[in-house]
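In what follows, a single structure is set out as structure tokens and then discussed.
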Amino acid sequence: MTVRCDHTPAWQELGKHFETSAKRFDLREAFGADGKRFERFNQSAPQVFADLSKNLVDARAEELLLTLARQSGLKARIDAMFAGERINATEDRAVMHYLLRSPKGRQGPTGELAQVHETLDAMLAFAERVRRDHTITDVVNIGIGGSDLGPQMAVLALDEFVAPGKHFHFVSNVDGHELDGVLKGLAPEHTLFLIASKTFTTAETMANARSAKRWFEQSGGTDIAGHFAALTTNVEAAREFGISTTFGFWDWVGGRYSMWSAIGLPIALAIGAEGFRAFLAGAHAMDEHFRTSPLEQNLPVRLGLLDVWYRNFHRFTSRSIAPYHSALKRLPAYLQQLEMESNGKQVDLDGQLLPYGTSPVLWGEPGTNGQHAYFQMLHQGTDVVPLEFLAVRDAAHDLPGHHPKLLANALAQAQALMQGKKDAGGHRNFPGNRPSTFFVLERLTPESLGAFIAMYEHRVFTSGALWGINSFDQWGVELGKVLAKDIEPRLTSGDVAGLDASTAGLLQRLRQG
Ligand code: F6P
């Protein structure tokens with residue numbers, strides 16, 4: 001039985017606690033008063049260590065947030081997901097991406113695990129064959145959203161593990177500049193195209209796939225079966241398109257949760273079967289942590305509760321992430337879809353308008369780059385933006401001096417945000433007391449990346465469950481798609497009948513010249 005967060009007694013208590021004292025909470029005082037704050041507010045989970053102590057949360061708030069989780073029935077919601085219940089109610093689907101990383105032979109909720117492993121084995125065997133095939137030098141993934149962001153982020157992040165001699169390209173935008181730029185450097189006989197689309201209907205992906213196929217044929221390519229593979233739940237549509245090499249998955253895998261499925265083929269091609277299995281194993285360990293740990297020692301739960309605390313009581317509207325590892329440059333974009341497409345909702349499970357905020361805006365850039373761009377605002381701006389640091393203890397290079405500089409910057413920024421600095425002049429004053437979370441991975445490996453991403457998935461699940469929303473649909477993307485279909489032919493015909501004056505004026509301007 002789940003209860004919307006604002007219908008629980010704990011919600012009222014949190015409101016009172018915030019008003020009476022928590023809104024004046026000061027991190028510097030808290031550390032001064034409690035020599036054990038770091039020990040009490042850190043949490044270890046598989047592959048991930050998190051220091052939560054520099055967050056604006058005292059013992060009372062933490063206790064009330066845990067009570068909120070209990071009174072909302074969070075555990076029942078977690079159990080429902082892991083039991084394969086159709087918790088994505090608006091699409092009448094189960095949500096079982098965790099099954100994709102479940103080891104062989106384990107009891108799955110619905111008996112689908114055998115199929116999962118059959119597909120995984122076939123996909124990994126294909127990946128190994130292509131890795132040994134030196135005629136294939138370039139892999140082009142054509143897909144968008146969840147069919148692009150995860151594989152792209154992971155292939156870049158795991159660069160250290162990528163087989164030499166293969167180049168990976170990701171084409172997502174319907175803007176022809178992107179595909180054109182990639183195709184210019186390719187030869188059909190050396191290229192493998194992966195058409196990645198859960199539905200195999202997404203307009204951008206289909207337009208890019210058609211153009212890639214045309215280019216392949218016009219440039220003398222002959223063996224479509226050997227140079228095109230489809231990663232999709234809609235194997236039928238892929239066959240109609242002319243692709244016979246297909247790797248399927250299931251409707252219970254949401255697009256933004258799909259890189260563990262056939263959509264992860266570029267990752268498997270890049271890091272090999274063993275690497276991909278390690279990636280899945282890292283995520284599985286985090287699934288088990290989330291499923292079985294008590295709420296108070298459950299890292300995704302503690303993070304999700306903080307997210308609710310910040311969004312609904314402190315009323316922070318955004319959160320920033322700074323991965324201190326240049327290979328994680330696409331992590332913020334990946335997490336943006338995960339969090340904002342999942343929790344950017346305004347109605348509860350019954351379709352009732354919510355009286356409180358949901359998904360924050362998530363954004364970021366790798367450190368130290370962000371420091372020289374927008375960190376000014378984080379330190380001295382008028383809004384408080386909780387910041388998340390992700391640091392990796394061991395470097396994968398041996399250039400002297402760089403890694404200590406990088407880590408020192410991450411630590412110093414978190415310290416500066418918290419401590420601040422008094423200056424009577426105003427311009428040089430740092431208010432401090434700005435919250436941050438600090439994640440540490442020992443090394444950036446397939447396993448630790450898998451665990452970190454699964455942690456994020458479950459954290460988004462936690463806040464979505466408390467908010468009483470469906471984190472697994474995405475109706476908000478539909479309207480624009482429908483309107484684009486109406487507008488596209490008008491760009492040729494010039495017909496502006498029925499359009500608002502602004503759209504009509506812009507359309508005419510875009511047709512001129
Ligand atoms: O339009 C949004 C969306 O449906 C995302 O949820 C999804 O990840 C993306 O488009 C791509 O969809 P598909 O994999 O079906 O092409």
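Remarks
- Among (1) open to solvent by less than 20 Å² (accessible area, probe 1.4 Å); (2) away from the ligand (no atom under 16 Å from the Cβ), the one test that Ser342 misses: (2)
- Pair list, Cβ under 7 Å, 6 or more apart: the range 177-204 residue in contact (Cβ under 8 Å) with a residue 60 or more places away in the chain and within 16 Å of Arg239 (Cα to Cα), other residue within 16 Å of the ligand (Cβ to nearest atom) and open to solvent by 20 Å² or more (accessible area, probe 1.4 Å): Lys198/Thr233; Lys198/Gly255
- If you filter the range 139-162 down to residues that are outside any loop (DSSP other than H, G, I, E, B) and open to solvent by 20 Å² or more (accessible area, probe 1.4 Å), you find that the one that is farthest from the ligand (Cβ to nearest atom) is Glu160.
- Residue in the range 210-232 that is within 18 Å of His117 (Cα to Cα) and in contact (Cβ under 8 Å) with a residue 60 or more places away in the chain present: yes
- If only residues of the range 411-425 that are out of contact with any Ser or Thr (no Cβ under 8 Å at 6 or more places or on another chain) and of a type in the set (A, V, I, L, M) are counted, the one that is nearest to Leu390 (Cα to Cα) is Leu411.
- Of residues in the range 19-74 being under 24 Å from Ala465 (Cβ atoms) and among the β-branched types (Val, Ile, Thr), the one farthest from the chain's Cα centre (by Cα): Thr67
- Any hit, the range 469-487, residues being closer than 27 Å to Gln346 by Cα, in contact (Cβ under 8 Å) with a residue 40 or more places away in the chain and more than 15 Å from the ligand (Cβ to nearest atom): yes
- Any hit, the range 447-468, residues being within 17 Å of the chain's Cα centre (by Cα), farther than 14 Å from Trp260 by Cβ, touching a residue at least 24 places away in the same chain (Cβ under 8 Å) and not in a helix (DSSP H, G or I): no
- Filtering Gly264, Gly272 for residues that are closer than 26 Å to Ala230 by Cβ and within 16 Å of the ligand (Cβ to nearest atom) leaves a single hit, Gly264.
- Some residue of the range 243-261 being hydroxyl-bearing (Ser, Thr, Tyr) and free of Cβ contacts under 8 Å to residues at least 24 places away in the same chain: yes
- The range 163-202, residues that are assigned to a loop (DSSP other than H, G, I, E, B) and closer than 27 Å to Glu240 by Cβ: Ser172, Asn173, Val174, Asp175, Leu186, Ser197, Lys198, Thr199, Phe200, Thr201, Thr202
- Scanning the range 484-500 for residues that are outside any loop (DSSP other than H, G, I, E, B) and open to solvent by less than 90 Å² (accessible area, probe 1.4 Å) yields Ala484, Asp486, Ile487, Pro489, Arg490, Leu491, Ser493.
- Being more than 19 Å from Ile263 (Cα to Cα), assigned by TED's automatic domain parsing to the domain that holds Leu449 and touching a Phe, Trp or Tyr at 6+ places or on another chain (Cβ under 9 Å) is a property that Leu179 has.
- Residue count for the range 262-299 under the criterion of being open to solvent by 10 Å² or more (accessible area, probe 1.4 Å) and either of a type in the set (Asp, Glu) or not in a helix (DSSP H, G or I) (or both): the result is 5.
- When the range 195-239 is filtered for residues that are among the acidic types (Asp, Glu) and within 16 Å of the ligand (Cβ to nearest atom), the ones remaining, listed by number, are Glu204, Glu236.
- Within the range 137-169, the only residue that satisfies the criterion of being touching a His at 6+ places or on another chain (Cβ under 6 Å) and aliphatic (A, V, I, L, M) is Val140.
- Yes/no for Gln115 being more than 16 Å from the ligand (Cβ to nearest atom), in a helix (DSSP H, G or I) and among the polar types (S, T, N, Q): yes
The values are calculated or read from the model by the stated rules, or taken from the named source; none is laboratory data. No experiment lies behind these values; they were computed from the predicted model shown. Here the Cβ is made from the backbone with ideal geometry for all residues, glycine too, and neighbour counts use every protein chain on show. Side chains are part of the model used for accessible areas, which takes the heavy atoms of the whole protein and leaves out ligands, DNA and RNA. Shrake-Rupley method; radii C 1.70, N 1.55, O 1.52, S 1.80 Å.
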